[in-house]
Amino acid sequence: MEVKLASERGFCFGVRRAIDLAEKAVTECGSLESLGAIVHNRQVVDMLSARGMRIIGSLDEMKGDTLLIPSHGVKQEIMDKAEESGLNVIDATCPIVRNAQQVAHKLYEEGFMVLVFGDASHTEVKGLLSRAGEGAIAVTEVPDFSKSLRRIGILSQTTQSRKQFATFLAQLMDSELSSLAEIRIFNTVCDATAKRQQTALELASKVDLMLVIGGHDSANTKHLAEICRSTGVNTLHIETAGELNPSVYCGQSRIGITAGASTPEWVVEEVVGKLEQSL
Ligand code: SF4
């Protein structure tokens, strides 16, 4: 059995930065509360929780005075409330997510109806919509436009697939554009995401089995698995080595491994170690 690792995998700089900020804050302040998971990875959350970080669901649950904003950002109204309440706010929003938030707000200010290509239930998308005015919507398919709509502005959730975003835009251009006079498009898919997707795609075409490691609620890990599956290769999305059943990998001659942007390298090493035990 040969095990090949994707050259671009695991922690991106936005996740690394968020973890560094959390580690520094928990050391200096003694306690820290994160508004939701700091990154979408249970092993990272558990590691920081062991050092004194607490996850809260809303500002009402604050017990201390130091609040961490996760890497995928929060709604503008939550940010405003946190700052007005006098809390020590540590903003770990990834700079690339923050840029997408600014794009969404600028489009709204300039009078565009904003479309965010992405998952409406994802925290990052909720944060983008909250800065884009009441008419803003999240989409994954081309919507029907009202006859009176004149200008739309489009951006993407940062962790979407560039290919799917491009397909969406092509379908939009091919649709009944009604009275639309202006369409403005911002490519806000992040480079770290795109590089992980590209190297996963290349690796998937050379192996018999792809293992995609990362949180089951991690959007970028789910997209990596979808991209690998699109090549036709047998693909498994696992969070830890414990989820890996020998019946899946025994007998496979080439196994490829990649990991989402919030997956620590030690989790990848555990998976590789389990595979090596069966050699
Ligand atoms: S995947 Fe991209 S946007 Fe998301 S935290 Fe990492 S660098 Fe930032």
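The values are calculated or read from the model by the stated rules, or taken from the named source; none is laboratory data. Remember, it's a predicted structure, so these values are computed and weren't measured experimentally. Glycine gets a Cβ as well: all are built from the backbone with ideal geometry, and neighbour counts include every protein chain shown. Side chains are part of the model used for accessible areas, which takes the heavy atoms of the whole protein and leaves out ligands, DNA and RNA. Shrake-Rupley method; radii C 1.70, N 1.55, O 1.52, S 1.80 Å.
Here is how the numbers come out for the structure above:
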quantity	calculated
Size of charge dipole - region 96-185 - debye, nearest 20, with Cβ of Lys, Arg +1 and Asp, Glu -1, no other charges	280 debye
Axial C-alpha extent at least 15 Å, average Kyte-Doolittle at least 0.0 - helices from the chain (DSSP)	13-29, 162-173
Mean ellipticity per residue at 222 nm, deg cm²/dmol - from DSSP H runs of n ≥ 4 across the chain, formula -39500 (n - 2.57)	-12500 deg cm²/dmol
Rg/Rh (Cα only; Kirkwood hydrodynamic radius) as it applies to region 101-198	0.95
Selected from 111, 155, 96, residue furthest toward positive end of dipole (region 96-185; charges at beta carbon)	96
Selection from 69, 38, 248 lying farthest towards where the dipole of the chain points positive, charges on Cβ	248
Across 81/147; 24/81; 63/195; 24/163, pairs whose alpha-carbon gap is larger than 29 Å	81/147; 63/195; 24/163
Rounded to the nearest 20 debye, dipole of region 1-147 from Cβ charges on Lys, Arg, Asp, Glu	380 debye
DSSP beta bridges in the chain [antiparallel fraction, %, rounded to 5]	0 percent
Accessible area of the chain divided out per residue, in Å², using a probe of 1.4 angstrom	46 Å²
Unit charges on C-beta of K, R, D, E only; dipole of region 13-94, Debye	380 debye
Carbon plus sulfur fraction of accessible area for the chain, probe 1.4 Å, in percent	49 percent
Distance histogram in 5 Å bins (all Cα pairs of the chain, percent per bin)	1, 6, 12, 15, 15, 14, 13, 10, 8, 4, 2, 1, 0
